[in-house]
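One structure is given here, and the rest of the page talks about it.
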Amino acid sequence: MLDAATSSASQSATFDAVIVGAGFSGLYQLHCLRNRLGLSAVVLEMADGVGGTWYWNRYPGARCDSESHSYCYGFSKELLEEWEWSERYPDHAEIRRYLNHVADRFDLKRDIRFNTRVVSARYDDAANLWHVATASGETFTATYLITAVGCLSSANVPNIPGLADFKGRWYHTGEWPHEGVDFTGKRVGQIGTGSTGIQAAPVIAEQAAHLTVFQRTANYSVPARNAPLTREFVDYVKRNHPEIRETMLGTPNGHPFVIENRSVFDVSEEERLALYEEAWEKGGLQFRATFRDLTTSKAANDTAAEFLKNKIRQIVKDPAKAAILSDIDHPYAAKRPPIDTDYFETFNRDNVSLVDLRKTPIERITERGIKTTDAEYELDIIVFATGFDAMTGPLFRLGITGRDGLALRDAWQAGPETYLGLGVPGFPNMFTITGPGSPSVLCNMPVAIEQHVDWITDCIAHMRANGIACIEAERPAALQWSDEVDRAANATLLPLAGHSWYLGANVPGKPRRFMPYAGGMAHYRQLCADVAAKGYPGFVLERALADA
Ligand code: NAP
């Protein structure tokens, strides 16, 4: 084991592993490498606290769409038993409290460098080491580089002409000011109606003088039915952890519910509507699990889509607004399905208006507000709920170069190429937690993250036990995996939402490639386990020179 030491010659601190990011992934990876394997590891984190995505996403209404009792680590029985969530869906502040609790409980903060932004990570072929540099000029050297930067951490502010002219204030939801934003008496414009915009609009509308929602693509949403957890439920969860986790690990998406094994067409229309109604009343992502074929058959999906569009028409009283909100062009759940608290009801408020950008697109931002082809909307504040340069964006920001000085950005010019979402050809000893090609965002994230971190930890343990100095994904394996990622996506309705961030379509110039693995978490877990059990086929393993 290398000691965490600073060599006076190079002024570079040397570790076995540099981990980038102190969210769910980075914290658990540090725990595994340091506390389980006894390696020296450091986490470099650009924020001044833990939380990752949840450190930055503090916008009004920000809360998780996974149910709290499943949105947590499962690796420690004691941790599972001692932590109590307060609501069905935890808000951003409660998730940060949880992650701080984890960091303190496992004494992780002493090995996290906060306020430390990575600007480059370079693989040194001759030394088989990674050199990582930060914005403040510090350098770190490590055998392993592990990216724990999340999938949705690179804010996408659209390049709308005139933003610099705007005399009011503007904010992106993913970089929300810690002190909050006071909307009292303000005229607010919100661009974006994805999961974030759908959470934010109702809360902003309660405070603002007026909220104008600029909608480009109409979206489905199912009520979250968020509520405080009862003592009874909290105790039930404590008593039944093993069973709950067994369910989560057995499902394609890592949630604590099973997908019903019935087709939409196994039941009468009357029965189907009753089942949808029941799922609507229950609320949450579970709506998608009402029938097994909702995500794979367009005809089956149409029945859910129609039910949800009818709900919009019933809730929204103004028929013109209802028509714009229910004019949805993609199958239900082909984009990440939002869940909400009073989103559609918000459009019944007198102080909320809706602009259909499909009919009247934004021309520019002016000093007074937003100008569409139809009108100029005077605003004091613009909220960009416009999403992220997902999955690849956070990795490119690290300035990674691999073998022969190849930049990751160049290697992935035509789209990301990974083996299992964990390793990249040309980038030895680099592991990507929830990288492109992994189930990640199609799964309850902590479940996906723990599997990745466990696999990476076991892989590093295997390398060290067997004198293996270097592991690198093979190109043919990565190409085959890309084909499998495409195949898995094409077996679902996901590619039918042509403008989704899953495809990179939300960022101009980004190559269109379906990025997450849609083959299901349970299946993916088995594939990864098989690769490890067979001695890592698809990866080249090289022994240290002295052992060769
Ligand atoms: P998103 O799903 O990418 O939605 C972005 C929204 O902004 C879309 O409505 C998009 O319209 C619109 N938009 C983007 N550029 C625009 C432009 N130039 N002009 C007009 N409209 C524009 O982003 P998000 O809502 O932040 O959600 C991203 C992901 O974060 C979610 O899918 C989810 O995975 C995660 N998330 C999770 C939670 C949770 O668990 N609670 C909450 C929020 C987000 P188009 O559709 O037309 O592109």
Restricting things to alpha carbons, find the Rg to Rh ratio for the chain using the Kirkwood radius for Rh. 0.97
Could you sort 471-482, 532-543 so that the peptide with the highest average Cβ count within 10 Å comes first and the rest follow in order? 471-482, 532-543
Convex hull (Cα only) mean projected area of region 61-205, reported in nm² to one decimal: 13.1
Percent of Cα-Cα pairs per 10 Å bin, from 0 to the last occupied bin, for region 16-81, please list those. 19, 42, 33, 7, 0
Can you give the convex hull volume per residue for the Cα atoms of region 435-523, as a whole number of Å³? 119
Averaging over every viewing direction, what projected area does the convex hull of the Cα atoms of region 179-284 cover, in nm²? 10.9
If I take all pairs of Cα atoms in region 471-527, what percentage of them are more than 15 Å from each other? 55
So how strong a dipole does region 1-103 carry about its Cα centre when Lys and Arg Cβ are +1 and Asp and Glu Cβ are -1, to the nearest 20 debye? 180
Measuring from the longest principal axis of the C-alpha atoms of the chain, the long axis of helix 298-315 (C-alpha) lies at a number of degrees, nearest 10, equal to 50
In deg cm²/dmol, rounded to the nearest 500, the helical mean residue ellipticity at 222 nm of the chain, built from -39500 (n - 2.57) for every DSSP H run of length 4 or more, is -9000 deg cm²/dmol
Place a +1 charge on the Cβ of each Lys and Arg in the chain and a -1 charge on the Cβ of each Asp and Glu, then give the dipole magnitude about the Cα centre in debye, rounded to the nearest 20. 640
Write down the Å³ per residue value for the convex hull defined by the alpha carbon atoms of region 138-195. 188
P(r) weight above 23 Å for region 352-486, C-alpha pairs, percent: 51
Debye-sum result for region 24-134 in log10 I(q)/I(0), which assumes one identical scatterer on each alpha carbon, at q = 0.11 Å⁻¹: -0.42
Orientation-averaged projected area, Cα convex hull of region 202-347 (nm²): 10.6
Which one of Thr434, Ala333, Thr360 is farthest out on the positive end of the charge dipole of region 333-464, using unit charges on Cβ (Lys, Arg +1; Asp, Glu -1) and the Cα centre as origin? Thr434
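Once Rh is set to the Kirkwood radius over Cα pairs, what Stokes-Einstein translational diffusion coefficient, in µm²/s, holds for region 378-449 at a temperature of 10 °C and a viscosity of 1.306 mPa s?
It comes out at roughly 115 µm²/s.
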A student asked for the Cα radius of gyration and Dmax of region 248-301 in angstrom ought to give 11.1, 33
Residues whose modelled amide H sits under 5 Å from the amide H of Ala47, counting only those 5 or more places away in sequence or on another chain, are Asn115, Thr116
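Throughout, read-outs are computed from the coordinates displayed, never taken from laboratory work. This is a predicted model, so every value here is computed, not measured. With ideal geometry, Cβ positions are generated from the backbone for all residues, glycine too; neighbour counts draw on all protein chains shown.
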